[in-house]
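The structure under discussion appears below in the form of structure tokens.
The values are calculated or read from the model by the stated rules, or taken from the named source; none is laboratory data. From a predicted model like this one, the values you see are computed outputs, not experimental measurements. No Cβ is skipped: glycine too gets one built from the backbone with ideal geometry, and neighbour counts run over all protein chains shown. Heavy atoms of the whole protein, side chains included, go into the accessibility calculation; ligands, DNA and RNA do not. Shrake-Rupley method; radii C 1.70, N 1.55, O 1.52, S 1.80 Å.
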Amino acid sequence: MSTTVYTTMESPFGQLLLSGVLPEGGGAAALATVTAPGQKYALAEPADDWVLDPEALAEPVAQLAAYFAGERTTFDLPLAPVGTEFRRRIWAALDEIPYGETVTYGQLADLAGESPRAVRAVGGAVGANPLLIVRPCHRVMGANGSLTGFAAGVDRKRWLLELECGTLF
């Protein structure tokens, strides 16, 4: 049986909640969730059976801090998101979107090997992304280039895109 650990970190969005799954022999946790305050469809507080363990999640915290400081453009972390096979394919396709670039939901469907007609299902999977920021769902735009949906809020999406385009600093 695996242990879920958590920690929090300050960010430009307020206090993020990170959770991860410890390997059976101990060591660094595989990151399972990153949640911002007020994020839709996400836990606002740790679950009762989660164990506070900042050391096990020190690397994700360090990489996120470097990202927010404009010093990191990619994440190199073990990941353990929970979702259906379809959602995991869509989430993996998010990793293919380069830093500072955007794609439409239709383009993301294509990246994931899905039909362009699956745009609504793709949008649902993007909205359910449990690894906010780390899996860059903020890089997905509406077909007309508009800032559509973001579980943590469109203002935060805009902030992330400005950070990545170099207009924030």
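Overview of values
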read-out: Boolean, residue 134 is of a type outside the set (Lys, Arg), surrounded by 19 or more Cβ atoms within 10 Å (Cβ to Cβ), on the phi < 0 side of the Ramachandran plot and touching a residue at least 60 places away in the same chain (Cβ under 8 Å); value: yes
read-out: Number of the condition not met by residue 97 [criteria: (1) assigned to a helix (DSSP H, G or I); (2) farther than 17 Å from residue 35 by Cβ; (3) of a type outside the set (D, E, K, R)]; value: (1)
read-out: Evaluation of residue 42 against (1) in contact with a strand residue (DSSP E or B) (Cβ under 8 Å, 6 or more places away or on another chain); (2) open to solvent by less than 50 Å² (accessible area, probe 1.4 Å); (3) at pLDDT 95 or above (one fails), failing number; value: (3)
read-out: Within region 152-167, tally of residues that are assigned to a loop (DSSP other than H, G, I, E, B) and either at pLDDT 95 or above or open to solvent by less than 20 Å² (accessible area, probe 1.4 Å) (or both); value: 1
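Every residue, every condition in (1) within 16 Å of residue 151 (Cβ to Cβ); (2) more than 13 Å from the chain's Cα centre (by Cα); (3) in contact (Cβ under 8 Å) with a residue 40 or more places away in the chain, yes or no:
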position: 7; (1), (2), (3): no, yes, yes
position: 12; (1), (2), (3): no, yes, yes
position: 15; (1), (2), (3): no, yes, no
position: 21; (1), (2), (3): no, yes, yes
position: 24; (1), (2), (3): no, yes, no
position: 60; (1), (2), (3): no, no, yes
position: 67; (1), (2), (3): no, no, yes
position: 77; (1), (2), (3): no, no, yes
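Residue-by-condition table, conditions (1) surrounded by 14 or more Cβ atoms within 10 Å (Cβ to Cβ); (2) under 23 Å from residue 157 (Cβ atoms):
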position	(1), (2)
49	no, no
57	yes, no
72	yes, yes
79	yes, yes
84	no, no
91	yes, yes
110	yes, yes
114	yes, yes
118	yes, yes
